[in-house]
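The values are calculated or read from the model by the stated rules, or taken from the named source; none is laboratory data. Remember, predicted model here, so these are calculated numbers, not experimental data. All Cβ positions, even for glycine, are placed from backbone atoms using ideal geometry, and neighbour counts span all protein chains on display.
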Amino acid sequence: MMRSLSKKVAALEPSQTLALTARAKKMQAEGIDVVSLTAGEPDFPTPQLVKEAAILAIHENFTKYTANQGIPDLLKAIAFKLQRENNIEVDPTQILVSCGAKHSVYNALQAICNPRDEIIIPSPYWVSYPEMVKLVDAVPVIVKTTPKNQFKITPAQLRRAINRKTKALILNTPCNPTGAVYTREEIEALAEVVVTTGIYVLSDEIYEKVIFDGIRHFSIGSIPSVRDQVVTINGVSKAYAMTGWRIGYLAARKEIVEGAEKIQSQMTSNASSISQKAAYAALAQDLGGAIDTMVSEFDRRRKYLVDAFKSINDVEFIYPRGAFYLFFSVKSYVGKKADGKVMKNADDLCEYLLTKHRLAMVPGTGFGDKNWIRMSYACSMAELEKGVERLRAGLSALQ
């Protein structure tokens, strides 16, 4: 008789965002007119000088293994970036370049966690956080936040969730899926709890440059009292429209980086040599104009969505301050019917909207709330307008 497969893998949930994006793309390839508002990636091209740096790397045969930690120029550029933009003082030896920020989060969890350690995750959360915690044999502790607090964990909530098993808090600002952005004052208040309890913070700052309303991003790793407890995670995917290049990084105290590097050395080795050269070009050159243009366009779409949603009945949402998602509640539509089928949750509503109205979005179940839906506005305005009309028609048709 054939032996069984991994129980750990069997207990994992697949990524809903990847699954629904793939499904929408398959339908589009079959000639079906689907509006896909699922993807978590900018719809802008990678800047030209970044592409040219990669092409030059290929022509110069920079196609071999690099040092596991990353190429020296890129490590120095990241250290300079963190100092200049985030007020985080790190040496290049305190940085590890990996295959995307997701990889960096996983490496960090592997480096700090023992079996049954608890990791606090504010909900709603990015779909991969709880599953990565499970993969390292730790326990995700979900702390429900509310729209009243803009889906942000409070110091009191954090303190209540901490016990002797707690190892870390995962903090994501700007947040996927909610678009919430923590203020400096809010982060400093959380840091007071962190410093007195001794827990780590994995600070996922991948959306730091996609931020609106004149708000300035603030990194918890810049606070001296908690500096050694913070793992700052970032990358080039969102800011430079480089999702497919797969370059992320973490910065932390040296012992954590050495542990994460040891894990990476046995799992993937170095990130792509060509992509590292491209990432160096992105960080070393002045691409502020390209970023400003992209963020300005995201802001235009955001404002359109906020205005449009005011005319959609019985839908609650929080005003997004960062990232490129609108997270909205469909609780008022749960229990309604389409073709005799009862909509039990956001999963049913997303399935109905996809199959009947050709609109793909991601249900909130994977983000920690079964009655909410994430809509990405990383698409053209024309697609967004079409998507809103299909959403309005689909919800109006429910009985």
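The figures follow:
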read-out	value
In segment 287-343, the residues that are aromatic (Phe, Trp, Tyr) and over 18 Å from ILE373 (Cβ atoms)	PHE298
Residue in segment 95-107 that is crowded, with 17+ Cβ neighbours inside 10 Å, touching an Asp or Glu at 6+ places or on another chain (Cβ under 6 Å) and not in a helix (DSSP H, G or I) present	yes
Among (1) under 25 Å from the mean Cα position of the chain (by Cα); (2) touching a residue at least 60 places away in the same chain (Cβ under 8 Å); (3) surrounded by fewer than 18 Cβ atoms within 10 Å (Cβ to Cβ) - the single one THR46 does not satisfy	(3)
Residue within segment 190-197 that is free of Cβ contacts under 8 Å to residues at least 12 places away in the same chain and under 20 Å from the mean Cα position of the chain (by Cα) present	no
Of all residues in segment 120-131 being of a type outside the set (Val, Ile, Thr) and surrounded by 22 or more Cβ atoms within 10 Å (Cβ to Cβ), the one that is farthest from GLY366 (Cα to Cα)	PRO122
Qualifying residues in segment 67-87 (those that are surrounded by 22 or more Cβ atoms within 10 Å (Cβ to Cβ) and in contact (Cβ under 8 Å) with a residue 40 or more places away in the chain) - the one farthest from ALA281 (Cα to Cα)	GLN69
Among the candidates ASP339, ASP369, ASP348, residue that is farther than 13 Å from THR38 by Cβ and more than 27 Å from the chain's Cα centre (by Cα)	ASP339
Restricting segment 273-298 to residues that are among the charged types (D, E, K, R) and either at pLDDT below 95 or surrounded by fewer than 17 Cβ atoms within 10 Å (Cβ to Cβ) (or both), the residue that is farthest from ALA53 (Cα to Cα)	ASP292
Residue that is surrounded by the fewest Cβ atoms within 10 Å (Cβ to Cβ), among those in segment 317-352 that are more than 30 Å from ILE291 (Cα to Cα), in contact (Cβ under 8 Å) with a residue 40 or more places away in the chain and among the charged types (D, E, K, R)	LYS337
Of all residues making up segment 342-354, the number that are among the polar types (S, T, N, Q) and not in a loop (DSSP other than H, G, I, E, B)	0
Out of LYS76, LYS64, LYS8, sole residue that is of a type in the set (Lys, Arg), part of a loop (DSSP other than H, G, I, E, B) and more than 19 Å from the chain's Cα centre (by Cα)	LYS64
Unmet requirement for ALA39, which otherwise passes all of (1) part of a loop (DSSP other than H, G, I, E, B); (2) in contact with a Gly (Cβ under 6 Å, 6 or more places away or on another chain)	(2)
Residues located in segment 297-341, provided they are in a helix (DSSP H, G or I) and charged (D, E, K, R)	GLU297, ASP299, ARG300, ARG301, ARG302, LYS303, ASP307, LYS331
Residue within segment 142-155 that is assigned to a helix (DSSP H, G or I), more than 25 Å from ALA11 (Cα to Cα), within 19 Å of the chain's Cα centre (by Cα) and of a type in the set (A, V, I, L, M) present	no
